[in-house]
Amino acid sequence: MKGYLKYFSGKLAWFLVTLVAAFILNFILPRLMPGDPVAIITQRVVQGMTSQAGVQKVYEQYAELFGTNKPIHEQFIIYMRNIVQGNFGLSFSQYPRPVADILKSSIWWTIALQFPAIIVGWLLGNTLGALAAYLKKGFDKVLMPISIFISNLPAFGMAVILLVIFAVRLKWFPTAGGYGFDMIPNFSWDYIKSVLIHYQLPFWSIVLISIGGQAIGMRAMSIYELNADYVKYSRFLGIKDRKIIGYVFRNAMLPQITGLALSIGTMVGGALVAEIIFSYPGLGSTLLTAVMGQDYPLISASTLIITLMVLIANFLIEILYGVIDPRIKAAQVE
Amino acid sequence: MLHTIKEVFRSPKFTIGLAIFVVMLLVVFIYPLIITDDPLDIIGLGTFFEPGIYVNLYDGLESKTYVLKLEDAAANRIASKLGEQERLDIQEYLLLAGVPEEEIDIEDTEKLLELWLNNYDPTVRFPGSTSAKRKYYARLDASLDGLLSTEAAIIAVKNEETGELEEKSLVKQDDYVNVSKVANVRVLPLGTDNFGRDMLTELVSATGVSLRIGLIAGLVATSIGLTLGLLSGYIGGWVDDVIMFITNLFIVIPSFVLLVLISYSIGQEQRGASTVAIVIGFTSWVWTARAVRAQVISLRHRDHVNLSKLSGHSVAHIIIFDILPYIASYVVMAFILQISSGILAEAGLSILGLGPKTTDVPTLGLMMNWAMIYSAHIMGKWWAYFPVIVVIALISFSLNLMNTGLDQVFNPTLRD
């Protein structure tokens, strides 16, 4: 048990450290900027207001809300206390709706869209990459240039192309939204069907983007492993090809899992922009409305939630890695 | 050294990538020399003019006319107003108006028009017909007016004294003008965007700006990454611990989030293209730092480095002459990738509305952002978004191809 325990507690400690760092960054970055953020926010909110006393009042209210009239360490304590209580303040652009409420309605859309898409893309990409490495020649020659080209399309580019072909031209799928615009979320069959239809294009655009990069990485890893000494030795011993391939891919897979953990942040960022193209009701679109509406509390809370999601995903992948990494298993036996 | 460069150019992938990239660079530099218009000039009154050759109608009337007897001219003229779809629409209307189906022959233009003239009544409302449909039929009716006439059109000018129209010239149906003889002709190969700017000029200028953003972002990221990687790998000890702690933190905290937070905090007015580029550079150095450190650690105890140490060379000397040459190829590859990811990052930020300020210069991301805001993709205005996507994909494709080519030269196991 010692090997596992050491590995897992190490990962957990690291997760907590990154969590704290994420909170600090989220707190400090907007405050590091030159100028008085509250003054800027007030200026945006009171556009068109003429009463000087009114402007002053608004300023004081926001200063109170963000606690900018207090010393910085006290501000941080207020900030942390609010987060722990799930209190992100009120949204500016959708006043008086609480930010937590807006996020609650969009976060599940993003989770349900992105995580299956990234996992499916990862699996497909690795399978194709491994096949390309093993089959070489024809398959490799066709697949690689396509993968390289596709992985170079930005996620939003792929989203626009799929949208134009399948939604605007062929009209197979709707162009926008997470469900029919004439529906109210409920558990009826119609609603679920509508959600599934709206799900397809955003899902496949993320899958296609992640396939390319993963396939290239897996191909390189597999080629490296196929040339390793243990493969040559096994061949020499007369072990069946199929069995060797099994070993090779298991070994090539491990760095790919680490790769997924490390690149998941970038992938989520790209996928959020793809969500915007489809007006999918997830965090990406929320972030867009927040930026457009100069809604500082909503931006701050969305970025924090996105960071949290990525950190948790990262932590889960690391745990999974620990379970399947033979070296940690080996430490167990000793 | 020379041998390595030769080897690099022998890689087809690198050469193709470089060729695409150089062609794009050449276009960016040469195009503004030939067409000197300001890329942000609004020339079109209206949104999304289609690509094509725009001939000034007034000058066209003034220029010399040529008579060409072309057989299919009349047929083409009718087809442009009365195509397949219009004929079907007319049939639908006539059926609603109670004309028996066997009387309608949509192939016979003359009969169809006669039926239309006799039956079309703009005041009638059929049950279930939308007002959009009614307006459509009114427009169709206006465009069909005089379709079959063979008379010449009269160009008249107003007499300044009496206010009466006086015939100035006749435009007959077989009159032609030579486009090269018309005083004002403007070619818009990619049409105009939502503001009425020339798309091609804007796109070329935006490509230049985006490449500059990528370059600045890449330079900033590579220099930070290289410095931190060298320090951390070569000095080791607590310096290494601190740097690696920070690096690992920024690897898991998504750079996208940092970009959004910083860009928003800077504010729209202060966000020039270079500022955005520097911000992108500051959030994307982590990979370079990590990889450089790993390479430096493996180099640190090689014989030639030890020998250099024994000879009493300074740390700076050892790093520059004994370590840098060995990691140079890697650093160049990382730099190339950072240019392309910098361009993508700018595009993503701009779509979120956090890109460079819009009044200054066009960038690929901003063009994409405007096309999306004006739903060019839904309305089928392909020229407003598709060329932008193609340029972004071409830039990152060529850079990645160069990178893969270099990788194969320096890592022989990856060769085909």
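When B:Ile339 is tested against (1) within 18 Å of B:Thr222 (Cβ to Cβ); (2) surrounded by fewer than 21 Cβ atoms within 10 Å (Cβ to Cβ); (3) more than 9 Å from chain A (Cβ to nearest Cβ), just one condition goes unmet, and that condition is (2). Within segment B:34-73, being surrounded by 14 or more Cβ atoms within 10 Å (Cβ to Cβ), aliphatic (A, V, I, L, M) and outside any loop (DSSP other than H, G, I, E, B) holds for B:Val55, B:Leu61. Of everything in segment B:222-262 that is within 23 Å of B:Gly355 (Cα to Cα) and not in a helix (DSSP H, G or I), the residue that is farthest from the other protein chains (Cβ to nearest Cβ) is B:Ile253. On the basis of being over 18 Å from the mean Cα position of the chain (by Cα), at pLDDT 90 or above and either in a helix (DSSP H, G or I) or not small (Gly, Ala, Ser) (or both), does B:Ile395 make the cut? The answer is no for B:Ile395. When B:Glu160 is tested against (1) part of a helix (DSSP H, G or I); (2) without any contact (Cβ under 8 Å) to a residue 24 or more places away in the chain, exactly one condition is not met: (1).
For every residue, the table says whether it meets (1) in contact with a Leu (Cβ under 6 Å, 6 or more places away or on another chain); (2) within 14 Å of chain B (Cβ to nearest Cβ); (3) outside any helix (DSSP H, G or I).
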position: A:Gly157; (1), (2), (3): no, yes, no
position: A:Phe203; (1), (2), (3): no, no, no
position: A:Ala215; (1), (2), (3): yes, yes, no
position: A:Arg219; (1), (2), (3): no, yes, no
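Using the structure shown, decide if B:Thr275 is in the same structural domain as B:Ser396 (by TED's automatic domain parsing), at pLDDT 85 or above, within 26 Å of B:Pro362 (Cα to Cα) and surrounded by fewer than 21 Cβ atoms within 10 Å (Cβ to Cβ). Here the answer is yes, as B:Thr275 does meet what is asked.
Screening A:Ser210, A:Ser151 for residues that are of a type in the set (S, T, N, Q) and within 13 Å of another protein chain (Cβ to nearest Cβ) leaves exactly one candidate, A:Ser151.
With respect to being modelled with pLDDT of 80 or more and in contact with a Ser or Thr (Cβ under 7 Å, 6 or more places away or on another chain), A:Ser285 fits the description.
Across segment B:141-162, a minimum of one residue is classified as in contact with a helix residue (DSSP H, G or I) (Cβ under 7 Å, 6 or more places away or on another chain), in the same structural domain as B:Leu61 (by TED's automatic domain parsing), β-branched (Val, Ile, Thr) and exposed (fewer than 14 other Cβ atoms within 10 Å of the Cβ). Of the helices (runs of 4 or more DSSP H) contained entirely in segment B:277-374, those carrying at least 3 residues that are more than 18 Å from the chain's Cα centre (by Cα), more than 25 Å from B:Ile266 (Cα to Cα) and in contact (Cβ under 8 Å) with a residue 24 or more places away in the chain fall at B:286-300, B:324-351.
Scanning segment A:258-282 for residues that are in contact with an Asp or Glu (Cβ under 9 Å, 6 or more places away or on another chain) and modelled with pLDDT of 85 or more returns A:Pro281, A:Gly282.
Would a scan of segment B:344-352 turn up a residue that is at the interface with chain A (Cβ under 10 Å from one of its Cβ atoms) and either farther than 27 Å from B:Ile42 by Cβ or among the acidic types (Asp, Glu) (or both)? Within segment B:344-352, one or more residues are at the interface with chain A (Cβ under 10 Å from one of its Cβ atoms) and either farther than 27 Å from B:Ile42 by Cβ or among the acidic types (Asp, Glu) (or both).
Between B:Thr109, B:Thr15, the distinction of being of a type outside the set (Lys, Arg), farther than 30 Å from B:Met199 by Cβ and assigned by TED's automatic domain parsing to the domain that holds B:Val391 belongs to B:Thr15 only.
The values are calculated or read from the model by the stated rules, or taken from the named source; none is laboratory data. From a predicted model like this one, the values you see are computed outputs, not experimental measurements. Neighbour counts run over all protein chains shown; Cβ positions are idealised from the backbone, glycine included.
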